[in-house]
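For reference, the structure discussed in these notes is given below.
The values are calculated or read from the model by the stated rules, or taken from the named source; none is laboratory data. Only a predicted model underlies this, so the values are computations on that prediction, with no experimental measurement involved. Cβ: placed from backbone, ideal geometry, glycine included. Neighbour counts: every protein chain shown.
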Amino acid sequence: MPKETQPDQPRYEDLVSQIEALVDNIESGDLGLEESIKGYEQGTKLIKQARTILDQAQQRVEAIDLNQSQESSD
């Protein structure tokens, strides 16, 4: 069975926690404009990574469903 994440790929849950922390920091109003923009940029990168993980998970679920369908029709 394939691994859920690559060795250098962070866990989805960790990415979500990082994104939430960035949002909290930006929304706090304590950051200056430049820090807010850097946080936004970092957040968009984290979101892209999280979406990749979700897409991979969806493909795995679809493959499992396909295999189950094929096994039950045999």
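The figures follow:
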| quantity | calculated |
| --- | --- |
| Number of the condition not met by GLN9 [criteria: (1) exposed (fewer than 14 other Cβ atoms within 10 Å of the Cβ); (2) at pLDDT below 95; (3) of a type in the set (S, T, N, Q)] | (1) |
| Contacts under 9 angstrom Cβ, first residue in region 45-65 being in a helix (DSSP H, G or I), partner hydroxyl-bearing (Ser, Thr, Tyr), 6 or more apart | GLN49/TYR12; ALA50/TYR12; ILE53/THR5; ILE53/TYR12; LEU54/TYR12; GLN56/THR5; ALA57/TYR12 |
